[in-house]
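Comments concern the structure below.
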């Protein structure tokens, strides 16, 4: 059996496995079965992939995401599982170092699946036409079948006994198909086709390798390239520089003039940011005391967003100054010093943003957006560090995109290893004395927090009475919190009752056991 036939068999088998384990199920232990099949098939079809160190690291990240999915079964763990699986396939099938370009190659695999399948089928049937008996039989049988059908109609109308036999055969045939489609519905058939498409797109390498070619040309380290004047003038950044600097961006002194412009810009920007940092250090770091008169919401949501935007913009400014030959200018030490001070000051600004978020959490409790700010700040720190490396060692913009994309993947997998909903619920209830308990927000969290809400129902009912006095109601009644939790519990148990063992996971198993038997310990928050 040649490679093409093996590939077709694997895709077909994968489609049936996909159909069997995911139909009317949630992502849970069935993903483990799916992974065993898909990763085994991937390494079988691309045996050299295992020699790639990146593939091995991605496999570890994917297994960590799989662990998180089976243990926590959160939305974030499902996203991490999906993204790491796509990257694992991309790096196994294509020659990549960058997450962005690998993602582009996988996009080509999905959009060009039909072409990949057609080539696979053609490669699997290269035998001469004379040696294809099935095709010859079909061609010879078309005309006789048409003649047979015509005379069947004539004899059915001419002979009542034959017509009765034909009707009996037709009724049994219709009964067979009715039974077949009751067991295998049209929706199930479409789901099977979806599985065939997904397995094929994940396992088949596209013919077009545009992103792979870009990757092969991309380098981490910059080189000084003396371009012709016509090549420079056809550059968008050159046009932008000329539009700002005018004649100073032209001629023999262009590089020196650009250096002076960059140095003056960094000096002014550093002085401006120094003023901001002095204010923040005095107000936020040393003398901050929260009072109800302080609008923390505006300070966090509007102020933080603008500050994060300013930090990202600061990194872009340095990318413009250090995009080309200024990296190799012999007298650029003061420009680099200004860049280092600029990065240091932006790091101080990151701490100020962190303090804003910390004060908001301390006064109002945890929420997804507040946790998201912390994750984004980690990415900003990684971005500032990578920009420092770029300036210090003359790295390319491609290097920045590549390194920071891997930081995103790493944070995604790390974030998936935490059950955030239960963490938020436990933290907010336990800190209700210092941060007002946001009862409506707790009810927006996933079903994973239902045992915690149920165990702490007296606390929630007391808080509901306080909110009712303020004119805030959980529903159309004044004492709805217990009813809402009970309805959510019933809905959750009904949904879980529809799943088979394929949807089993630790989180749901523990929660169902808690509600049915009250045997799973859930900490009551004092």
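Quick check: from the Cα gyration tensor, does segment 1-83 come out rounded (a/c under 1.5), prolate or oblate? Let's see the in-between values first.
Working: a/c = 3.35, a/b = 1.26, b/c = 2.67.
Oblate is the answer for segment 1-83, as a/c is 1.5 or above yet b/c matches or exceeds a/b.
Between residue 310 and residue 433, take the C-beta separation as r, use R0 = 45 Å, and let me know the FRET efficiency to the nearest 0.05.
Efficiency, from the Cβ-Cβ distance: 0.80.
Alpha carbon centre of segment 379-395 versus segment 401-420: separation in Å?
About 18 Å separates the Cα centre of segment 379-395 from the one of segment 401-420.
Return 514, 340 ranked ascending by Cβ neighbour count within 10 Å, so the fewest neighbours appear first.
Details: 514 17, 340 14.
Listed from fewest to most nearby Cβ atoms, that is 340, 514.
Could you tell me how far the Cα centroid of segment 1-73 sits from the Cα centroid of segment 323-362, in Å?
43 Å
By how many nm would the segment from residue 285 to residue 161 lengthen if fully extended, with 0.36 nm per residue of separation less the alpha-carbon distance?
Working: separation 124, 0.36 × 124 = 44.64 nm, distance 9.88 nm.
Gain on extension, residue 285 to residue 161, equals 34.8 nm.
What angle do you read, to the nearest 10 degrees and between 0 and 90, between the alpha-carbon axis of helix 160-183 and the longest principal axis of the chain?
Rounded to the nearest ten degrees, it is 20.
Percent relative contact order of the chain, based on C-alpha pairs within less than 8 angstrom and at least six residues apart?
Values: 462 pairs, mean separation 114.1, N = 526.
Taking the mean separation of contacting Cα pairs over the length of the chain, I get 22 percent.
Starting from the 7 Å offset along Cα-to-Cβ, what nm value, one decimal, do you get for the label separation of residue 491 and residue 32?
Label-label distance for residue 491 and residue 32, simple model: 3.0 nm.
Give me the number: length gained by fully extending residue 152 to residue 268, i.e. 0.36 nm times residue separation minus the C-alpha to C-alpha distance, one decimal in nm.
On the way: separation 116, 0.36 × 116 = 41.76 nm, distance 9.36 nm.
Once the chain is fully extended between residue 152 and residue 268, it gains 32.4 nm.
Using alpha carbons only, how many degrees (0 to 90, rounded to 10) separate the axis of helix 506-517 from the longest principal axis of the chain?
80 degrees
For 119, 491, 223, which order do you get if you count the other beta carbons within 10 Å of each Cβ and list the fewest first?
Values: 119 15, 491 12, 223 9.
By the 10 Å Cβ count, ascending: 223, 491, 119.
Taking the Cβ-Cβ separation of residue 79 and residue 260 as r and a Förster radius of 45 Å, what is the calculated FRET efficiency to the nearest 0.05?
Numbers: r = 47 Å, r/R0 = 1.05.
With a Förster radius of 45 Å, E is 0.40.
When the helix-only estimate is applied to the chain (DSSP H runs of n ≥ 4, each -39,500 (n - 2.57), divided by the residue count), what is the mean residue ellipticity at 222 nm, nearest 500 deg cm²/dmol? Intermediate values should be presented prior to the final figure.
Numbers: 23 runs with 383 residues, N = 526.
Mean residue ellipticity at 222 nm (helix-derived): -24500 deg cm²/dmol.
How far apart, in nm, are the 7 Å Cα→Cβ label points at residue 320 and residue 142?
Taking the two extended label points, one gets 6.6 nm.
Taking the Cα atoms only, what angle lies between the long axis of helix 368-393 and the longest principal axis of the chain, rounded to 10 degrees?
70 degrees
Please order 489, 463 by the number of other Cβ within 10 Å, starting at the fewest. Kindly include the intermediate steps, with their values, before the conclusion.
Values: 489 17, 463 20.
Ranking 489, 463 by Cβ neighbours within 10 Å, fewest first, gives 489, 463.
What order do you get for 255-268, 73-86 when each peptide is scored by the mean count of other beta carbon atoms within 10 Å, highest first? Intermediate results must be reported in sequence, preceding the final value.
Working: 255-268: 16.6, 73-86: 20.9.
Averaged packing, sorted descending, gives the order 73-86, 255-268.
Taking every alpha carbon pair in the chain, what does the distance histogram look like in 20 angstrom bins from 0, in percent?
For the chain, the binned pair fractions read 15, 35, 32, 13, 4, 0 percent.
Values in this text are rule-based calculations from the coordinates and carry no lab data. Note that this is a predicted model, so its numbers are computed, not measured. Note: ideal-geometry Cβ built from the backbone for every residue, glycine included; neighbour counts use all protein chains shown.
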